[in-house]
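The values are calculated or read from the model by the stated rules, or taken from the named source; none is laboratory data. Bear in mind that the values here come from a model prediction, so they are computed numbers and not experimental data. Don't worry about glycine lacking a Cβ; one is built from the backbone with ideal geometry, like all the others, and counts go over all protein chains shown. What goes into the accessible areas is simple: the full protein's heavy atoms, side chains included, and nothing from ligands, DNA or RNA. Shrake-Rupley method; radii C 1.70, N 1.55, O 1.52, S 1.80 Å.
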Amino acid sequence: MATNTIPALALSGVTSGYDTSEILQDVSLTVRPGTVLALLGRNGAGKTTCIHTVMGMVPAYRGAIQLFGENIVTLPVDSIVRRGVALVPQGRRLFSPLSVRENLTVARTADAAHAGPPWTIAQIVEMFPRLGERIHQRAGTLSGGEQQMLAIGRALMSRPRVLLMDEPTEGLSPQMIAEVSAIVARLREAGLSILLVEQNSKIALSVADDVAVLVSGRVAYTDCATELAGQPVLIERFLGVASAEAPGAGLMSYA
Ligand SMILES: Nc1ncnc2c1ncn2[C@@H]1O[C@H](COP(=O)(O)OP(=O)(O)OP(=O)(O)O)[C@@H](O)[C@H]1O
Ligand SMILES: [Mg+2]
């Protein structure tokens, strides 16, 4: 890809946090259009804080965040969503008492002049047939994997150009992890630009184009994903044995 392509998402020197505590320190990251950037890091490294800073949910004290060249760092959350950034939150955060259809419908955006292509419920169901079978079922009664699919489907309903996914495989069975990973690849093929936060480095590196590792709120490493995938010692140093023991995680296979 040409190096002068405008990034889908670019963080430059971003420092952010909560009240007086700065969590992200001088973070610079780039998601190239139509690619997946895996953002890896141990518990508490600042991955969710980073995603929430992009969404405008956590204030950036310094630095710039550009969406296809437009600085969005001072915009409120709803303006950022309208511009085509969607979040698949850690822990899914569905409306449990509402049905699958209702969860999708409430996320549909009416005003999307600047955002990405619209998704219909029919298209979501085509991508996630399990949701079609359970369209009237309450979200709270779905399995973990089905809930994750609904969380992704709900994010698509807001017409994103850039998708922020916060640990979508967390707590899922190996089969569901494989399904979610295939969905990430399919969304990338559909043209979405994706920031994929994961602790499951094997899955993340298998679907990502590029990778960045956060250590204590700072970017400690960036490269193409295949480069880091070939360096088990580095992966272990950054992410530790604990990540290898996470459900479905594959660090051991690098050893
Ligand atoms: N609302 C908050 N108020 C104050 N500190 C917070 C808040 N949310 C997170 N933090 C702190 O910010 C740091 C980074 O947390 P964050 O949730 O971004 O990490 P993470 O990399 O997403 O971790 P995990 O892998 O466990 O999800 C932690 O020290 C955490 O305690
Ligand atoms: Mg997190």
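Below are the figures for this structure:
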quantity	calculated
Pair SER28, TYR61: separation of 7 Å Cα→Cβ label points (nm)	2.0
Sum of -39500 (n - 2.57) over DSSP H runs of 4+, divided by residues of the chain (222 nm, nearest 500)	-10000 deg cm²/dmol
Table column - 3J(HN,Hα) (Hz), segment 95-100, Karplus curve with 6.51, -1.76, 1.60, x for Gly and Pro	8, 4, x, 8, 6, 4
Space enclosed by the convex hull of the alpha-carbon atoms of segment 16-90, per residue, Å³	103
Relative contact order of segment 113-197, defined on C-alpha pairs under 8 angstrom at six or more residues apart (%)	33
Hull-based mean projected area of the chain, where the convex hull spans the alpha carbons, in square nanometres	13.0
Nonlocal amide H pairs with ARG62, under 5 Å, H built at 1.01 Å	THR15
Accessible area expressed per residue, the chain, with surrounding protein chains retained (probe 1.4 Å, Å²)	43
Most positive-pole-ward Cα, VAL233, LEU150, MET165, against dipole of segment 84-241 from beta carbon charges	LEU150
Check: the chain dipole with +1 on Lys, Arg Cβ and -1 on Asp, Glu Cβ, in debye	480
Carbon and sulfur %, accessible surface of segment 45-157 computed with the full protein complex present, 1.4 Å	53
Furthest towards positive pole of dipole, VAL36, SER181, ALA122, structure part the chain, Cβ charges	ALA122
Placed amide H near VAL73: partners under 5 Å, 5+ positions off or other chain	ILE65
